[in-house]
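The values are calculated or read from the model by the stated rules, or taken from the named source; none is laboratory data. Since we're looking at a predicted model, the values are computed, not measured. Reconstructed Cβ throughout: ideal geometry from the backbone, glycine too, with neighbour counts over all protein chains shown. Keep in mind that these areas ignore ligands, DNA and RNA; they rest on the heavy atoms of the full protein, side chains included. Shrake-Rupley method; radii C 1.70, N 1.55, O 1.52, S 1.80 Å.
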Number of protein chains: 2
Amino acid sequence: MDTPSPKTRTRIQKQKRELILEAALEVFSQHGFRGSTIDQIAEAAGMSKPNLLYYFRNKEDIHHTLIQRLLDTWLAPLRELDAVGDPLTELRGYIRRKLEMARDFPRESRLFANEILQGAPRAMPMLEDELKTLVDEKAEVILGWMKAGRIARTDPRHLIFSIWATTQHYADFDVQVRAVLGPGRDGEGRFEDAARFLEQLFMDGLKPKG
Amino acid sequence: MDTPSPKTRTRIQKQKRELILEAALEVFSQHGFRGSTIDQIAEAAGMSKPNLLYYFRNKEDIHHTLIQRLLDTWLAPLRELDAVGDPLTELRGYIRRKLEMARDFPRESRLFANEILQGAPRAMPMLEDELKTLVDEKAEVILGWMKAGRIARTDPRHLIFSIWATTQHYADFDVQVRAVLGPGRDGEGRFEDAARFLEQLFMDGLKPKG
DNA sequence: GCATTTTTTGACCGAATGGACAAACGTTAG
DNA sequence: CTAACGTTTGTCCATTCGGTCAAAAAATGC
């Protein structure tokens, strides 16, 4: 039989697909698309390669499904940015949520980073649709705050970039961060240091207090 | 004959090795280590695979040579950070130099990003030696400025991370940046926007002016 | 219990890939 | 011219990898 279409999927099929996606996330995020093999994913999922290929048409299908699923999770923190709330509180909250995601979902972060680094061969349409739309919308919100004089006037889109960059850095460049900071103060301690630093950076910058 | 050792290398050998490294930078930065083939590199260098393997022992040898060479270039902007200069001017200068590197050497940036993302399997020793040493030294300089009350008190190492993250983002996540910003205002214009934004962020943060 | 459908597996295939090698080619010094 | 050395290439090989297939095994419906 062919790979079951979404409509006809039984509970067992859904479970197995989840199992495979979880294994694939582990493998893809560590080795990238080209560096990962179906065998590796199958082994991580505790099944044979042909069995895995019974649930997904091919390697690309797995990757595509993963990326598509994760985009929603990934953009959730930005979606929560509320035009009605207090601007500085909203932005602080956004930064913290993004940093929490880098801490709690580093594999997802690396999966995306890998995909973008390679020129987003498989994710480009999503970037141009969902991502761009959301950023446009939220940039407008931020611009409104700026025009109202409630936060400093600057480029809203570059502000969003800088929040992405600084927070995801702790997931994507984890080994470098660890190499530089050394063994002490890992995990939760590092997270709190980063959170404190980023809050200060985005709120007040580096100029000394008058 | 064996691959010539560094001592016995003729000018022609040096030239060919440079040619290969340039081609390898192009290929590795686009597809990562595992995603690149010796044939691709050989073709980009305008020679046959066996000929390329006459100048480098194997694929790993090329990659390792590349990374080792590039680390110096990559760290140069931080090396220039001068303890004697004016703190805010020095940091502004560092940010601008890093941003210029992201603009002028995006392939180098992506090569490193790829390596770190995969857990730095080939670069780890360099991170723990040269990189850590330099960061430790410069963190001490920055800490001195903070203690003297010349810039705001915060974590110097996380400050360095945030400068790396925000500047390299424009090289590593270029396609995403482009997808979000759309076609208008590319190249030099984008660079100036980013430079202006980052200067403001790092100097003053987001709080509105009194 | 039996027939039908779904799931799993072992064996297999073709293409791609990293690398080896010996033979051919080019260059240069005597 | 020729011997020696450096360079280049065609050919070949073993392995890996993505993917197929038919048949076995397990589950499901009657």
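Among the residues making up the range B:21-38, those that are out of contact with any Ser or Thr (no Cβ under 9 Å at 6 or more places or on another chain) and in a helix (DSSP H, G or I) are B:E22, B:A23, B:L25, B:E26, B:G32, B:F33, B:G35, B:I38.
Inclusion of B:L111 among residues that are in the same structural domain as B:A195 (by TED's automatic domain parsing) and in contact with a Phe, Trp or Tyr (Cβ under 7 Å, 6 or more places away or on another chain) is warranted. Is at least one residue of the range A:38-47 in the same structural domain as A:A194 (by TED's automatic domain parsing), free of Cβ contacts under 8 Å to residues at least 60 places away in the same chain and over 17 Å from the mean Cα position of the chain (by Cα)? No: the range A:38-47 contains no residue that is in the same structural domain as A:A194 (by TED's automatic domain parsing), free of Cβ contacts under 8 Å to residues at least 60 places away in the same chain and over 17 Å from the mean Cα position of the chain (by Cα). B:A171 passes every criterion in (1) under 20 Å from A:Q200 (Cβ atoms); (2) more than 7 Å from chain A (Cβ to nearest Cβ); (3) surrounded by 21 or more Cβ atoms within 10 Å (Cβ to Cβ) apart from (1). Which residues, taken from the range B:50-68, are within 8 Å of DNA strand C (Cβ to nearest atom) and surrounded by 14 or more Cβ atoms within 10 Å (Cβ to Cβ)? Of everything in the range B:50-68, those that are within 8 Å of DNA strand C (Cβ to nearest atom) and surrounded by 14 or more Cβ atoms within 10 Å (Cβ to Cβ) turn out to be B:L53, B:Y54, B:K59.
Quick check on the range B:70-81. Is at least one of its residues assigned to a helix (DSSP H, G or I) and either within 16 Å of DNA strand C (Cβ to nearest atom) or under 16 Å from B:V27 (Cβ atoms) (or both)? Yes, that holds for at least one residue. In the set (1) over 22 Å from A:F105 (Cα atoms); (2) open to solvent by 70 Å² or more (accessible area, probe 1.4 Å); (3) more than 8 Å from DNA strand D (Cβ to nearest atom), the condition left unmet by A:Q30 is number (1). Hey, among the residues in the range B:48-72 that are within 13 Å of DNA strand D (Cβ to nearest atom) and in contact (Cβ under 8 Å) with a residue 24 or more places away in the chain, which one's nearest to the chain's Cα centre (by Cα)? Step by step, filter the range B:48-72, then rank; the result is B:F56.
Taking the listed residues B:T154, B:T89, B:T167, B:T133, the one that is out of contact with any strand residue (DSSP E or B) (no Cβ under 8 Å at 6 or more places or on another chain) and under 21 Å from A:D155 (Cβ atoms) is B:T167, with no other qualifying. Residues in the range A:175-208 that are without any contact (Cβ under 8 Å) to a residue 12 or more places away in the chain, open to solvent by 60 Å² or more (accessible area, probe 1.4 Å) and more than 7 Å from chain B (Cβ to nearest Cβ): A:R178, A:P183, A:R185, A:D186, A:E188, A:E192, A:R196.
The numbered conditions (1) in contact with a Phe, Trp or Tyr (Cβ under 9 Å, 6 or more places away or on another chain); (2) farther than 27 Å from A:E199 by Cα; (3) open to solvent by less than 50 Å² (accessible area, probe 1.4 Å) are all true for B:L117 except (2).
Residue by residue, here is whether (1) open to solvent by less than 10 Å² (accessible area, probe 1.4 Å); (2) within 16 Å of DNA strand D (Cβ to nearest atom); (3) within 14 Å of another protein chain (Cβ to nearest Cβ) holds:
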position: A:E18; (1), (2), (3): no, no, no
position: A:L78; (1), (2), (3): yes, no, yes
position: A:A83; (1), (2), (3): no, no, no
position: A:P106; (1), (2), (3): no, no, yes
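Is there a residue in the range A:116-126 that is within 14 Å of chain B (Cβ to nearest Cβ), away from DNA strand D (no atom under 16 Å from the Cβ), closer than 16 Å to A:I142 by Cα and not small (G, A, S)? Looking for residues that are within 14 Å of chain B (Cβ to nearest Cβ), away from DNA strand D (no atom under 16 Å from the Cβ), closer than 16 Å to A:I142 by Cα and not small (G, A, S), one finds none in the range A:116-126, hence no.
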